[in-house]
Structure formats: C-alpha cells, structure tokens
1. Quick one: in region 148-174, which of the residues that are surrounded by fewer than 17 Cβ atoms within 10 Å (Cβ to Cβ) and part of a loop (DSSP other than H, G, I, E, B) is modelled with the highest pLDDT?
2. Suppose we filter S199, S225 for residues that are closer than 30 Å to F47 by Cβ, surrounded by 11 or more Cβ atoms within 10 Å (Cβ to Cβ), among the hydroxyl-bearing types (S, T, Y) and touching a helix residue (DSSP H, G or I) at 6+ places or on another chain (Cβ under 7 Å); which single one remains?
3. Here are the criteria: (1) modelled with pLDDT of 90 or more; (2) surrounded by 12 or more Cβ atoms within 10 Å (Cβ to Cβ). Tell me which single one R55 does not satisfy.
4. Taking into account only those residues within region 99-124 that are buried (at least 17 other Cβ atoms within 10 Å of the Cβ) and touching a Phe, Trp or Tyr at 6+ places or on another chain (Cβ under 6 Å), which is farthest from A220 (Cα to Cα)?
5. Please specify each residue of region 97-122 satisfying the condition of being touching a Pro at 6+ places or on another chain (Cβ under 7 Å) and of a type outside the set (K, R).
6. Quick test of your reading of the structure: L129 fulfils all but one of (1) in a loop (DSSP other than H, G, I, E, B); (2) more than 19 Å from the chain's Cα centre (by Cα); (3) closer than 25 Å to A32 by Cα; (4) of a type outside the set (K, R). Name the failing condition by number.
7. Within region 62-91, count every residue that is of a type outside the set (S, T, Y) and in contact with a Gly (Cβ under 9 Å, 6 or more places away or on another chain).
8. Taking only region 148-167 into account, find how many residues are out of contact with any Gly (no Cβ under 9 Å at 6 or more places or on another chain) and touching a residue at least 40 places away in the same chain (Cβ under 8 Å).
Amino acid sequence: MSSAVNPPVAIEPYRSRGFVSPGFIAIVVLLAGSGLVAAYRQQEWEFPVVRAMNRFAHHSMLLDRTMHALTTRDLLQGVPFIGLIWFLWFTGDDTARRARLLVGTIAAACAGVLSRIIQLELPTHLRPLHQAQLGFVLPFGVEPETLNHFNSFPSDHGAVFFTLCAVIWRERPQLGMAAFVWAVVIDLARVYEGYHFPSDVVGSIALGLVVLYIFDSLHAARPVSRVVASAQNRAAWFYMTAFVMTYQIATLFDDLREIGRGMSAVLLHHDVFNGS
C-alpha cells in the first residue's frame, strides 16, 4: 500500500528583477519625494489642499460624523481588507495562492510597524489639526488633543491598508481595485479630520509597496508554502493563530499598543515611587 506524497508546490507568482528594477526605483523615488514634500513644501503645496477640504468642516453634523466613523471604526477600516484576504484564502485550496496571501499579510503588518517606527524617529511633523499656521477648523467629533505626541509621516493606516490592497489586487484585480478605492476613501477622511497631510498618505502607499516588493524579491512565499501545506495537519492551531493575528492587523494592533502604554505607565509610576 503506497503512501500519498504531496507534490512540491511551485511558487513563481511575481518575478522580480531585483532592487534596481524600474518599478522598485519608481516606488522609492515616490517615497522619498513625499517625504521631501512633507519636510520642505508643506505650506506651499499641502496647506491649500487641506484648507480646501477644511472649508466643509463643522458645518454638517452628518458629514463630520460620517468622516469620524471612517477614521475610528475598525469595521469600516481594517476589517473589510482582512475580510477579503480571508475570502480569497477559502476560494479554493491552492497552496501557492495561500502562501502569497499569508506573505502579503505579513508584509502589510511589517509595513505598519515600520511606518510607526518612522513616525517616532523622524523630527516632529505636526498634524494638520495641530498646525497653528493652518488655522484648521476641527470637524464635529474631533478632539484637539488627538494624536499630538508623534510625527504623522507616513500614515500607518495607509501603509497597512494599501499593502493589503496590493495583495488582494494580485489575486483578484477587480476586488483589489474596489479595496483600493475604499482605502483612498478612508485616508481622505483622515486628511479631512486633520490627522494627516496628503504626503503622509502618498508616502504610506510607497512604503507599503516597498516592503511588499522586498518580500517578493526574497521569495518569501516559497518557505511559507511549506508552512501552509503542513498547517492542514494542525488546522485548529493554525486558524486560531491566524484569526488572532489578522484581528490585530485589522485593528492596527490597537489592543497591544494600549497594553504596552499601560505597562509603560505602571513601570514609570513604579520607578518614580521607588525613587521618591
């Protein structure tokens, strides 16, 4: 009685020409250009755009509350993108496609983490609602002290969501375009709310594509395909872990960040108490 042997999974989904390819160079230039605009051309190029959008703020409760919902409700932000990833995962049982989806989702999470590191490490780049020169009028529902402790370039929401859009588009272009349109709506709402400048959003798109390109160039889907294939024998553990991790990605690790801030506050209080 012969035992069935699974054939090796061939994964050659996206051929990369390396880090000197025109596509990769264009993305890096876009990232650098958006950073230069944020640093040196904000008043000339971005203030007029933000002011044009801000003219509609604090006039319509319906408009402002809709925009606020788009920027604060996970069901409208990360959940649709992660939902599409799960939809594509269960559309057939192609191991190669599932490996690409898993790698792309990991790349999106890494893009979000890298975006937050850049925000924390770059010199302070005030958000529109904190720019005194801009004369920003707060929409209904936006608190003046919101997000006032770190730089806003690039948008971590945009980095995660647009990377997921690219992952979805590579498997189902029509779904990917729909996801991209929704990501644009979400980030336009964040500009309207005063959380980001347009350069923050453009920079987040470029950053996410750079990270995804690096993962593809390293052929990360090849080893991951073995994990996906072997996960069938440990489906309960695999899907439990996948659910928890994709939930965190959909919410941009909000719970973990809150826990981290709470622990930091406790440790700081402990140090102050012991030192007093």
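The values are calculated or read from the model by the stated rules, or taken from the named source; none is laboratory data. What you are looking at is a predicted structure, and each value in this text was computed from that prediction instead of being measured. Here the Cβ positions follow ideal geometry from the backbone for every residue, glycine too, while neighbour counts run over all protein chains shown.
1. R172
2. Values: S225 fails: closer than 30 Å to F47 by Cβ.
Every option except S199 fails the conditions.
3. So R55 meets the others, but not (2).
4. Step by step, filter region 99-124, then rank; the result is Q119.
5. The initial filter retains those residues of region 97-122 that are touching a Pro at 6+ places or on another chain (Cβ under 7 Å), namely 100, 115, 118.
Listed by number, the residues that qualify are S115, I118.
6. So L129 meets the others, but not (1).
7. First, pick out the residues of region 62-91 that are of a type outside the set (S, T, Y): 62-65, 67-70, 73-90.
Those still in the list that are in contact with a Gly (Cβ under 9 Å, 6 or more places away or on another chain) too: 64-65, 67-69, 84-85.
The number of residues fulfilling the criteria is 7.
8. So in region 148-167, the residues out of contact with any Gly (no Cβ under 9 Å at 6 or more places or on another chain) come out as 148-152.
The next check asks that each one be touching a residue at least 40 places away in the same chain (Cβ under 8 Å); those that pass are 152.
Summing the residues that are out of contact with any Gly (no Cβ under 9 Å at 6 or more places or on another chain) and touching a residue at least 40 places away in the same chain (Cβ under 8 Å) in region 148-167 gives 1.
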